[in-house]
Amino acid sequence: MTVKKFFKRATLVIIVAIFATLFGVVEYATPHYRVAYVTGVEVKRADPSKKANTQNLLKDTYFIYTAEADNPNDVKVYRNEDTLWSFPFYFKFNSADVAGAATNLANAGQGEHRQLAQIKYYGWRIKILSQFPNIISIKTLDKADDVARPILAYVLYVLLLIGLFFSIQFVRGWFDSKK
């Protein structure tokens, strides 16, 4: 393998790694929607001072428990924390209000009389790190077909795919044109 081919492949690997990271950021940070029944709400108090580089304040974290609308045995847990001024920039300051709405939905009915809810959230569930997706908002639904779609994520995925395609073509043309 020549040095030129090595640098071409290395550059392509770096570009693919950069775009894979960008895809991950879009997947994590853009809002997603899920239709579910809210089954419970819990408040846990955490002491961030036990972690490095955090303020010395107690912090309440709300956890919202849901059962999927199409499969009630599929239980999901979400955290409900304010994002304040940090990434991703949702400027969410109403976690107590969202917890109150979730409590109302959980107490609204039992069995077939439960109220469907649209859960708008971002983030991933990583069990080994005890990380939960964060709820942005909860909205009641009349039927499961009324759920919103993550249009922003779709647009960003298409733009990233176009950017990846043109980046690969640029690198291939750049290395192949030099003799």
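Among the residues in region 17-30, are any in a helix (DSSP H, G or I), at pLDDT below 85 and open to solvent by 60 Å² or more (accessible area, probe 1.4 Å)? Looking for residues that are in a helix (DSSP H, G or I), at pLDDT below 85 and open to solvent by 60 Å² or more (accessible area, probe 1.4 Å), one finds none in region 17-30, hence no. For region 104-132, a residue qualifies if it is at pLDDT below 90 and either β-branched (V, I, T) or in a helix (DSSP H, G or I) (or both), and the qualifying residues are N104, L105, A106, N107, G111, E112, H113.
Condition check ((1) outside any helix (DSSP H, G or I); (2) modelled with pLDDT under 90; (3) on the phi < 0 side of the Ramachandran plot) across all residues:
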site	(1), (2), (3)
I138	yes, no, yes
D142	yes, yes, yes
D145	no, yes, yes
L156	no, no, yes
L161	no, no, yes
L164	no, no, yes
V171	no, yes, yes
K179	yes, yes, yes
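The numbered conditions (1) more than 18 Å from V43 (Cα to Cα); (2) open to solvent by 60 Å² or more (accessible area, probe 1.4 Å) are all true for F93 except (1). Against the criterion of being closer than 19 Å to P150 by Cα, modelled with pLDDT of 90 or more and of a type in the set (K, R), R34 qualifies.
Scanning region 135-142 turns up one or more residues that are among the acidic types (D, E) and open to solvent by 100 Å² or more (accessible area, probe 1.4 Å).
Which of the residues spanning region 66-86 are outside any strand (DSSP E or B) and either touching a strand residue (DSSP E or B) at 6+ places or on another chain (Cβ under 9 Å) or of a type outside the set (A, V, I, L, M, F, W, C) (or both)? Steps first, answer last, please.
Taking region 66-86 and keeping what is outside any strand (DSSP E or B), we get 69-74, 81-86.
Selection gives A69, D70, N71, P72, N73, D74, E81, D82, T83, S86.
The values are calculated or read from the model by the stated rules, or taken from the named source; none is laboratory data. All figures in this text were calculated on a predicted structure; none of them were measured in a lab. Heads up, the Cβs are rebuilt from the backbone with ideal geometry, glycines too, and the neighbour counts pull from every protein chain shown. We work out accessible area using only protein heavy atoms, side chains counted, and drop any ligands, DNA or RNA first. Shrake-Rupley method; radii C 1.70, N 1.55, O 1.52, S 1.80 Å.
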